[in-house]
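Right, one structure below, let's go through it.
The values are calculated or read from the model by the stated rules, or taken from the named source; none is laboratory data. Because the structure is a prediction, the values reported are computed rather than measured. Using ideal geometry, Cβ is built from the backbone for each residue, glycine included, and neighbour counts are taken over all protein chains shown. In case anyone asks, the SASA skips ligands and DNA or RNA and just uses the protein heavy atoms, side chains included. Shrake-Rupley method; radii C 1.70, N 1.55, O 1.52, S 1.80 Å.
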Amino acid sequence: MSATRQFSPVAKLEQKTVVDLIGKGKRVDERGPEDYRPTTITLGVVEKANGSAQVYLGKTKVLAGVKIQPGTPFPDTPNEGILTVNAEFVPLASPTFEAGPPDENSIELARVVDRGIRESKAIDLKKLCIEPGKKVFMIFVDVYVLDHDGNLIDAAAMAALGALVNAKMHAFKVEKGEPVYLEEVIPIPMQNYPVSITSVKVDGAIVLDPCLEEEQVMSCRLTVTTGKDDNICAMQKGGLGFLTPDEIKQIVSTSINKARDLRAKMLSNVK
Amino acid sequence: MDNKQVRLLDDNGLRVDGRRIDELRPLKIEVGTLDKADGSAYVEHGRNKILAAVYGPREAHPKHIALADRAVIRCRYHMAPFSTDERKSPAPSRRELELSKVIREALEPAVMSEYFPRSTIDIFIEVLQADAGTRCAGITAAALALADAGIPMRELVAGCAAGKVDGKVVLDLSDVEDKQGDADLPVALMPKSNVVSLLQMDGSLTEEEFKQALDMSIDACRRIHEMQREALRHRYHVVKDEVDKEEEATEVSA
């Protein structure tokens, strides 16, 4: 059952420092309210995966791997490939992570990342059909959180997208309903590049890309994922607080602009 | 199989079930439908049939989950195996786990949990029949169940989704519209302070369409809030009448 979380013990003084700074328009790491932390993305870090990407978002570190294998399609989409996103909060990433089945936070993260990729139609799933109703390619995106310093959703979304862009599969032709692989190596058919931007509300002020200290004092967060046409394709509010309609509209419009910059920067690094 | 695209809006701008674009599905709300629960409510929102129950505040169990400064609020959103077209496995799915979390986060800001440290408040939402918009209807029901349990609240919480079908922003998607539409935007509102405590979105919306959909769903939440208040009032008029009758009876026998 979903339950109120015990906040990790942060000294009251430290919490107060973080909140006071944000109140003054400053932040613990000397960023401005709308500044994103430095982001680096490295592709192809795991050779055995079809695709992989490692993202640093400040000190947050996330690795995503893509594996592709044939499988049975869902009955309601017989001629489309299958996309599955999973996230592991591995215990080495944070003192608060524990080994075991995924908890609601990792499920939420995986589902928000999944929604961004799926709803923006980032992958042309129709091109991954081998034999309609019988066999299609399944794309597994596994997100590994390696170091948790806040804003895991954005880092995970970026790593997942990087791994998909990086992924290669063998070209194939279909003989008697079975895929016959060719020498040629092709990328996954991508048609959109969704980018997530998360903002948090702390003491009535809104800041972008929260670090861990800021997440620990936030009242709530809002993630806005947009595609290359600037259309919003996924959103998720989290945390125990609330937002006014005006705050939401302001966050949405900032997020759209920020995502545009970030997408351009990322694609220029990747291609 | 080609997705046979049914026209979701006709020439008069009416929807598959005959509604206008800003029209809610019919709602039926009952408070206090269960005997054993501390608070309960039943909501029919279109063809959604949803039962919510609240137990608590009660002793935290297991003890280590207790918080020193407020009650732990727990929430389980669950769909009955027969609630959907295809049978749904009764084991909680990833979707249900996510929804349990976002529903809890939508209700918690309204509950004065600081009055009950070291205890738990358990919210159970069972979807008996699903027809799009179950999380919102679940929130509408659960807020009433919390109030019915006598738990102090800052205000009620009401939920309603907006979305986009056939290129138009519309209110309160039905099952067909949700499956074949272009976007879905579930919202929960705390109407008195005019703040949003649940916000999710999937599909594709421009910034303008989003603003329009958000305003539309907020307005609908206000309408649902009025119905919630009416249902609560009705519930306590019934209780009051019963008490009055009993008092009358004792007076006569005395």
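Criterion applied to A:Lys228, A:Lys173, A:Lys265 was being among the basic types (Lys, Arg), open to solvent by 70 Å² or more (accessible area, probe 1.4 Å), touching a Phe, Trp or Tyr at 6+ places or on another chain (Cβ under 6 Å) and more than 24 Å from A:Gly23 (Cβ to Cβ), and the one residue passing it is A:Lys228. Check whether at least one residue in segment A:4-21 is assigned to a strand (DSSP E or B), touching a helix residue (DSSP H, G or I) at 6+ places or on another chain (Cβ under 7 Å) and either open to solvent by 40 Å² or more (accessible area, probe 1.4 Å) or touching a residue at least 12 places away in the same chain (Cβ under 8 Å) (or both), and report yes or no. No, segment A:4-21 contains no residue that is assigned to a strand (DSSP E or B), touching a helix residue (DSSP H, G or I) at 6+ places or on another chain (Cβ under 7 Å) and either open to solvent by 40 Å² or more (accessible area, probe 1.4 Å) or touching a residue at least 12 places away in the same chain (Cβ under 8 Å) (or both). Given the residues B:Met190, B:Met216, which is the only one that is facing chain A (nearest Cβ under 7 Å) and at pLDDT 95 or above? Exactly one residue qualifies, and that residue is B:Met190. Just checking, does segment A:233-254 include any residue being over 14 Å from B:Ser197 (Cβ atoms), facing chain B (nearest Cβ under 9 Å), acidic (Asp, Glu) and surrounded by fewer than 18 Cβ atoms within 10 Å (Cβ to Cβ)? No: segment A:233-254 contains no residue that is over 14 Å from B:Ser197 (Cβ atoms), facing chain B (nearest Cβ under 9 Å), acidic (Asp, Glu) and surrounded by fewer than 18 Cβ atoms within 10 Å (Cβ to Cβ).
Go through (1) under 21 Å from the mean Cα position of the chain (by Cα); (2) at pLDDT 95 or above and name the single condition B:Tyr236 misses. Of (1) under 21 Å from the mean Cα position of the chain (by Cα); (2) at pLDDT 95 or above, only one is false for B:Tyr236: (2). Residue check: is A:Pro75 farther than 30 Å from B:Leu199 by Cβ and part of a strand (DSSP E or B)? Considered against the rule, which asks whether it is farther than 30 Å from B:Leu199 by Cβ and part of a strand (DSSP E or B), A:Pro75 comes out as no. Among the residues of segment A:32-59, those identified as more than 20 Å from A:Phe140 (Cα to Cα) and not β-branched (Val, Ile, Thr) are A:Gly32, A:Pro33, A:Glu34, A:Asp35, A:Tyr36, A:Arg37, A:Pro38, A:Tyr56, A:Leu57, A:Gly58, A:Lys59. A search for C-beta distances below 8 Å between a residue of segment A:175-202 that is in contact (Cβ under 8 Å) with a residue 40 or more places away in the chain and any residue that is of a type in the set (Gly, Ala, Ser) and assigned to a strand (DSSP E or B), counting only pairs 6+ apart in sequence or on different chains, returns A:Ile188/A:Gly51; A:Pro194/A:Ala234; A:Ser196/A:Ala234. The single residue among B:Val102, B:Val157 that is within 14 Å of chain A (Cβ to nearest Cβ), open to solvent by less than 10 Å² (accessible area, probe 1.4 Å) and without any contact (Cβ under 8 Å) to a residue 60 or more places away in the chain turns out to be B:Val157.
Quick one: would you say B:Arg135 is basic (Lys, Arg), within 14 Å of another protein chain (Cβ to nearest Cβ) and surrounded by 22 or more Cβ atoms within 10 Å (Cβ to Cβ)? Yes: the conditions hold for B:Arg135. Number of residues in segment A:72-118 that are facing chain B (nearest Cβ under 10 Å), open to solvent by 50 Å² or more (accessible area, probe 1.4 Å) and within 24 Å of A:Thr223 (Cα to Cα): the value is 4. Which of the residues that make up segment B:193-213 are outside any strand (DSSP E or B) and within 7 Å of chain A (Cβ to nearest Cβ)? Passing the criteria: B:Asn194, B:Thr206, B:Glu207, B:Phe210, B:Lys211. Within the set of pairs 6 or more residues apart or between chains, which connect a residue that is closer than 15 Å to B:Arg76 by Cβ inside segment B:42-65 to a residue that is at pLDDT below 95 and open to solvent by 50 Å² or more (accessible area, probe 1.4 Å) with Cβ atoms less than 9 Å apart? Partner pairs satisfying both residue conditions: B:Ile65/A:Gln6.
This table checks each residue for (1) surrounded by 15 or more Cβ atoms within 10 Å (Cβ to Cβ); (2) away from chain A (no Cβ under 11 Å).
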{"position": "B:Tyr42", "(1), (2)": "yes, yes"}
{"position": "B:His45", "(1), (2)": "yes, yes"}
{"position": "B:Ala53", "(1), (2)": "yes, yes"}
{"position": "B:Pro57", "(1), (2)": "yes, yes"}
{"position": "B:Leu67", "(1), (2)": "yes, no"}
{"position": "B:Ser89", "(1), (2)": "no, yes"}
{"position": "B:Leu107", "(1), (2)": "yes, no"}
{"position": "B:Ile123", "(1), (2)": "yes, no"}
{"position": "B:Val127", "(1), (2)": "yes, yes"}
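Of everything in segment B:11-30 that is aliphatic (A, V, I, L, M) and in a strand (DSSP E or B), the residue that is surrounded by the most Cβ atoms within 10 Å (Cβ to Cβ) is B:Ile29.
Going by the structure shown, is B:Arg74 surrounded by 13 or more Cβ atoms within 10 Å (Cβ to Cβ) and away from chain A (no Cβ under 14 Å)? No; evaluated as a whole, the condition is false for this residue. Filtered by the rule that a residue be among the β-branched types (Val, Ile, Thr) and within 18 Å of the chain's Cα centre (by Cα), segment A:202-250 gives A:Thr223, A:Val224, A:Thr225, A:Thr226, A:Ile232.
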